Amino acid sequence: MRLTWWFRKNLIRIYMVLGFTYLFVPVAYTFAFSFNNGGKSNLVWKGFTLSNWQNPCGAPDVCLALGNSIRVGLISTVAATILGTLIAFALGRHQFKGRSTTNTLIFLPMATPEVVLGASLLAMFLNLGINPGFWPVVIAHVMFCISFVVVTVKARIASLDPRLEQAAMDLYANEFETFRKITLPLVAPGIAGAALLAFSLSFDDFIITNFNSGTLTTFPKFVYVASARGIPAQANVIGSAMFFLALFIVIAGQLVNRRKAR
Amino acid sequence: MADASSSTRGDLRIVDVTKSFGDFTAVDDLTLTIPEGSFFALLGPSGCGKTTTLRMIAGLEEPTQGSIHIGSTDITNTRPYQRPVNTVFQNYALFPHLSIFENIAFGLRRRGIKDVKEAVDKVLNLVELPHLAQRKPVQLSGGQQQRIALARAIVNRPALLLLDEPLGALDLKLRRQMQIELKWIQTEVGITFVHVTHDQEEAMTMADTIAVMNEGKVEQMGTPADLYDNPKTAFVANFLGQSNLIEGRIDGNDGDNFVVDVFGQKIKINKNRSHAKDSSVLAGIRPEKIRIQPAGTAMSGNVLTGGVISDASYIGVSTQYQVEMPWKQELMVFEQNDDGVPPLEKGDAVTLSWEPVFTFALDGREDAFAGSEVHADEE
């Protein structure tokens, strides 16, 4: 009787624990195995070591791949964020012919299967006489990131009260000053969120990258290739580090927001 | 960049202004002069064009036709930031990412004024919120936000301050208090206030001059007392307070008065208060001007006999009667409970009377109910 009562009372908590367990077991597994003294193959637990964390570039080529991913990610993020933000402002703030069509078309890359996009991009580059490599990958990443940036920034713009901009104009701010002092600061969290999203999409992408990268190795490609003969524990180190970095950014963002609201 | 303290001063003149949105004419050939230093109210139901008029003065909408002037300067085609005009927006539109201090300093800084502290502190004291300078707008109550919005506008000393339903979001008690404060602040700073509202009480409490707007036109303009006592149209008579409008026919003259026949009984209406186009009139009388007595009592002035009380509601300071007249019209009578006589009751036969000077006459072809049904859906 008592047990049933306790169970009922805590049902929602039990459910929550199960849910989070489901979400975080793979992450915990990745983290735990970053400490595995497994040698070349990191599939079986062979003992605890800190050497992987002390020497994250220890495995051959892992940091080369990581560097490539970061470079591709940063360039794609900057380009996609600038272009996507401009498109979002055009769609969110102006009436023009073909606006609703643009609105629909911007979703298409999100809805298209990545293998199809990757394959056709490769075909396109080859037909244009461009060899696969760093820049084709960047171009491809910018392309699929733009849609996500547009959607994210547009949502932020839509929630912005147009009367704030009118009030700024009423208070002697010209168009440029209104944009710089009112619109941009208020949309900035949306743009920052879009940039983070774009970077993680780019960093994470395997399928499209694999088609268009040629000899260029990115981090996901490295892990995929390595999996055939055993993923080095350094991959777990880098993966865990990325996870904690993302976690840190989210928590810092929350804290800043909370302080601003006070 | 406009300098609000420069020579652009004087009366606001709106000349033949029309504003259309597609097929809909929001403001229809409006001509209006608002004297410098006055507290002016644009009063009307929603959709009457008052907010559109305000937005055209602010520069947020462009007139389809016509021109707008401040003093001798034509501001019709200038941008909002080039006008010596500031607005208190309906929902205040405070900048959420800036502190209260920076919100108020915003206009000063845009005009290149470096030392803003003194001006901002002064205006914060004027609205009695100096302790909130470093807060963010979300941390303020509605009434405080309202005052900051006002402070943010008047710190610029504009030639003209526009207020768009500024008290609409406040509760009744706070609204009353702010009405008095706004009036006081206007007297204090001496800036022309143009106040848009659908609330007739708000307009009458604060404004020196009220323009009653309906369907894009000004129905009548004047002092609150003028509009209340001598309305020119049925819309004004019904929108500002309540009116009894009785069909009648001008039957003759008696000195300064017309003699008007209403369903066989004669009443007098001062010629100055007649806005009739011909002999067909609507005779108007406000409910609180009417005296009510048991039938048979001798009474002077304009007298209407044959009434029967169909409803009486005692509301403390007064008793409100519905009196059915022989021609089946219900007239409203508000009687002050100041004579110690117990209120009359439903079914009592009564005689109504009032001083002829309180009567007004409207064009008999007007809809007697124009403007009376718009109150309900506004609040």
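The values are calculated or read from the model by the stated rules, or taken from the named source; none is laboratory data. Being a predicted model, the structure only gives us computed values, none of them experimental. Methodologically, a virtual Cβ is constructed for each residue, glycine included, from the backbone with ideal geometry; neighbour enumeration extends over all protein chains shown.
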Within the bounds of segment B:241-251, is there any residue that is among the hydrophobic types (A, V, I, L, M, F, W, C) and out of contact with any strand residue (DSSP E or B) (no Cβ under 7 Å at 6 or more places or on another chain)? no
Sort out which residues of segment B:215-266 are of a type in the set (D, E, K, R) and under 27 Å from B:Thr31 (Cβ atoms), and write them in order of number. B:Glu215, B:Lys217, B:Glu219, B:Asp226, B:Asp229, B:Lys232
The correct count of residues that are modelled with pLDDT under 90, charged (D, E, K, R) and part of a strand (DSSP E or B) in segment B:234-285 is 2
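Out of segment B:106-119, which residues are touching a residue at least 24 places away in the same chain (Cβ under 8 Å) and within 13 Å of another protein chain (Cβ to nearest Cβ)? Even if it seems obvious, please write down each step before you answer.
We begin by selecting, within segment B:106-119, every residue touching a residue at least 24 places away in the same chain (Cβ under 8 Å); these are B:106-108, B:110-112, B:119.
Within segment B:106-119, B:Phe106, B:Gly107, B:Leu108, B:Arg110, B:Arg111, B:Gly112 qualify.
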Among the numbered conditions (1) touching a helix residue (DSSP H, G or I) at 6+ places or on another chain (Cβ under 9 Å); (2) at pLDDT 85 or above, tell me where B:Lys217 comes up short. (1)
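Could you tell me which of the residues A:Arg180, A:Arg156 is charged (D, E, K, R) and closer than 18 Å to A:Ile106 by Cα? Please lay out each step first, then the result.
Values: A:Arg180 fails: closer than 18 Å to A:Ile106 by Cα.
Only one candidate qualifies: A:Arg156.
Looking at this structure, is A:Asn236 touching a Lys or Arg at 6+ places or on another chain (Cβ under 8 Å), not in a loop (DSSP other than H, G, I, E, B) and not aliphatic (A, V, I, L, M)? Full working, then the answer.
Working: touching a Lys or Arg at 6+ places or on another chain (Cβ under 8 Å): no; not in a loop (DSSP other than H, G, I, E, B): yes; not aliphatic (A, V, I, L, M): yes.
For A:Asn236, the condition - touching a Lys or Arg at 6+ places or on another chain (Cβ under 8 Å), not in a loop (DSSP other than H, G, I, E, B) and not aliphatic (A, V, I, L, M) - is not met.
With respect to B:Met213, determine if the residue is surrounded by 16 or more Cβ atoms within 10 Å (Cβ to Cβ), in contact with a Pro (Cβ under 7 Å, 6 or more places away or on another chain) and either within 19 Å of B:Leu12 (Cα to Cα) or assigned by TED's automatic domain parsing to the domain that holds B:Ile154 (or both). Don't jump to the end; show me each part of the working.
Details: surrounded by 16 or more Cβ atoms within 10 Å (Cβ to Cβ): yes; in contact with a Pro (Cβ under 7 Å, 6 or more places away or on another chain): no; either within 19 Å of B:Leu12 (Cα to Cα) or assigned by TED's automatic domain parsing to the domain that holds B:Ile154 (or both): yes.
In short, no.
Does segment B:31-54 hold any residues that are charged (D, E, K, R) and surrounded by fewer than 22 Cβ atoms within 10 Å (Cβ to Cβ), and which are they?
Going through segment B:31-54, the residues charged (D, E, K, R) turn out to be B:36, B:50.
Listed by number, the list holds a single entry, B:Glu36.
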Selection over segment A:107-157 where residues are out of contact with any Gly (no Cβ under 8 Å at 6 or more places or on another chain), closer than 16 Å to A:Ile208 by Cβ and of a type in the set (A, V, I, L, M, F, W, C) yields a count of 22
Taking the options A:Phe33, A:Phe20, A:Phe48, A:Phe7, name whichever one is hydrophobic (A, V, I, L, M, F, W, C) and surrounded by 11 or more Cβ atoms within 10 Å (Cβ to Cβ). A:Phe33
Selection within segment A:210-262 - in contact with a Gly (Cβ under 8 Å, 6 or more places away or on another chain) and either of a type in the set (S, T, N, Q) or within 14 Å of chain B (Cβ to nearest Cβ) (or both): A:Asn210, A:Asn212, A:Ser213, A:Thr215, A:Gln234
Flag if B:Ser353 is within 22 Å of B:Asn257 (Cβ to Cβ), assigned by TED's automatic domain parsing to the domain that holds B:Arg249 and in a loop (DSSP other than H, G, I, E, B): no
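Yes or no: B:Gly316 assigned to a loop (DSSP other than H, G, I, E, B), on the phi > 0 side of the Ramachandran plot, touching a Ser or Thr at 6+ places or on another chain (Cβ under 9 Å) and exposed (fewer than 14 other Cβ atoms within 10 Å of the Cβ)?
Details: assigned to a loop (DSSP other than H, G, I, E, B): yes; on the phi > 0 side of the Ramachandran plot: yes; touching a Ser or Thr at 6+ places or on another chain (Cβ under 9 Å): no; exposed (fewer than 14 other Cβ atoms within 10 Å of the Cβ): yes.
In short, no.
Table: residues versus (1) among the small types (Gly, Ala, Ser); (2) farther than 20 Å from A:Phe219 by Cβ; (3) without any contact (Cβ under 8 Å) to a residue 40 or more places away in the chain.
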residue: A:Arg8; (1), (2), (3): no, yes, yes
residue: A:Leu11; (1), (2), (3): no, yes, yes
residue: A:Phe20; (1), (2), (3): no, yes, yes
residue: A:Ser34; (1), (2), (3): yes, no, no
residue: A:Asn42; (1), (2), (3): no, no, no
residue: A:Leu50; (1), (2), (3): no, yes, yes
residue: A:Ala65; (1), (2), (3): yes, no, no
residue: A:Ser69; (1), (2), (3): yes, no, no
Which residues, taken from segment A:123-177, are surrounded by 17 or more Cβ atoms within 10 Å (Cβ to Cβ), within 14 Å of another protein chain (Cβ to nearest Cβ) and part of a helix (DSSP H, G or I)? A:Arg156, A:Arg163, A:Leu164, A:Glu165, A:Gln166, A:Ala167, A:Ala168, A:Met169, A:Asp170, A:Glu177
